[in-house]
Amino acid sequence: MMTLNDVQQMAVRAAVHALVMALPQPKPGGRVKIFTSADKQIEEGGRKVANIAIHETGFCKLPSGVEISMLPVWDREYDDAARLPPAKADRWLKAGGYRLPTPEEYDELEEEGLHIEPLTLPTPEMLARFGFVPRSQAALDWQSREMMTREWCDIHKAAVRVLLEEAAYTGHQPVANYGKHWSKKKSGERGIYGWPTRRPAYYGLQGGRRVIQDFSQRHEPESEVFVDYATTFHAVKLSGAKSTTKPEKPAGSKPTTPSPAGSLARAVSAALRDLNVLSPDRGRASDGTWPSEAHRVQSPNSDHNRGNAVDLTHDPVHADCHILSELAITDPRAEEVIWNGRIWSVLHPEWRAYEGTNPHDHHMHVSVRPELRDDASCWPWAPPGLAEIITPEGQRTALEVLGYAGDLEKATRAFQKASGLTVDGDFGSKTMRAMLDAFGASPKA
Ligand SMILES: [Zn+2]
């Protein structure tokens, strides 16, 4: 026979479930990819342990250079993040050529990673509606117990997937706040570091430095079984450990040769190229790619430091950033766009007030998604026809049509000479502009 309490519990659980289901659902064939194949299983003493696997391509480089798993280490049996007691996590990771992250690496992950906030906690209003006194010990006790059930875990998992889809997760960003983070404590003993979140009430500031709430007192010792719906860990590759498989190509990107680390993203060069072809006379006073040393020191986490961002000058006559910013956010490569006191990002895909000190009213800032940095295809402001002549093959064909056959560089020189351009054989933005004009001026089929 059910007690009233059981009924209340079921009702709250159902209400939370309804909350999750009310979120936009993942589209069929959506981009969210939870790793289930090509995993490396952890072995101990030559035997595969449980169903714990690490997706060998599921790593991302933090600015410090360490490679960290993008989603936490996976439990294939439950198709969810693995929940292991710290001792096992430590031992198994080492056996697999990985280690737990340090608190400093979690700080980096917190800065760099994707943040998702699954809404799977009953709200105070909900608790009150079902007869609990919100924030009472009874409510908190029930909530803690409930959150360790399989059912609650499944609700949580559903919410995570919905939010990953909403954030256009491609499997190439580390997810910063998935579960509680396990880490080595500074003293060297094992422990759970806690639950990282950007909400200051949880995260706090200690001595000017962000810290992760320490849950170790409440959670040790963990049992060796499924204990908690979100106790999990990320893995860091031991230096020298090599991935056995190549990184996957992001879906939809053109096949390209990866640019070396530390180079300017091709997507960034393409943004400048397209704008220069569109408006050869545009002002360039506030253009920027690589930061100055001063800027680098002042903004150590800027995407400019990795060659993944571009600043485009606002020129109301030739390159109006009011228009360019609206175009930029339609490009799948855009991760963050800042213009005129407002910011748009993949994580919050709507214009919001920008709180930074520089209002960005002389230039528009565009960060590109690291996984799409090698995509040099045309940006939405490219003039019609430009897409046809950004590859050597397209350039050769176009030159041939205009009567300049043969070797690309020679033909380019001949075309440049005939067009009154600097003759350097380099198919740059001025040559592209002249070529589009040549096609526009001649009545061609
Ligand atoms: Zn910028």
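We did not get these values from a lab; they are worked out from the coordinates using the rules stated. Being a predicted model, the structure only gives us computed values, none of them experimental. Positions of Cβ are generated from backbone atoms using ideal geometry, with glycine treated the same way; all protein chains shown enter the neighbour counts.
General remarks:
- Alpha-carbon gyration tensor eigenvalues x 5, square-rooted, for region 266-372, Å: 19, 16, 15
- Coarse-grained scattering of region 386-439 at q = 0.31 Å⁻¹, given as base-10 log I(q)/I(0) from a Debye sum over alpha-carbon atoms: -1.57
- Counting every other Cβ atom within 10 Å of each residue's Cβ, PHE132, PHE427 order from fewest to most as PHE132, PHE427.
- Dipole moment magnitude, nearest 20 debye, region 254-395 about Cα centre, only Lys, Arg, Asp, Glu C-beta charged: 260 debye
- Here region 386-439 is assigned +1 on the Cβ of each Lys and Arg and -1 on the Cβ of each Asp and Glu. Its dipole about the Cα centre then comes out at about 180 debye.
- Which of GLU112, GLU326 has the fewest Cβ neighbours within 10 Å, and the rest in rising order: GLU326, GLU112
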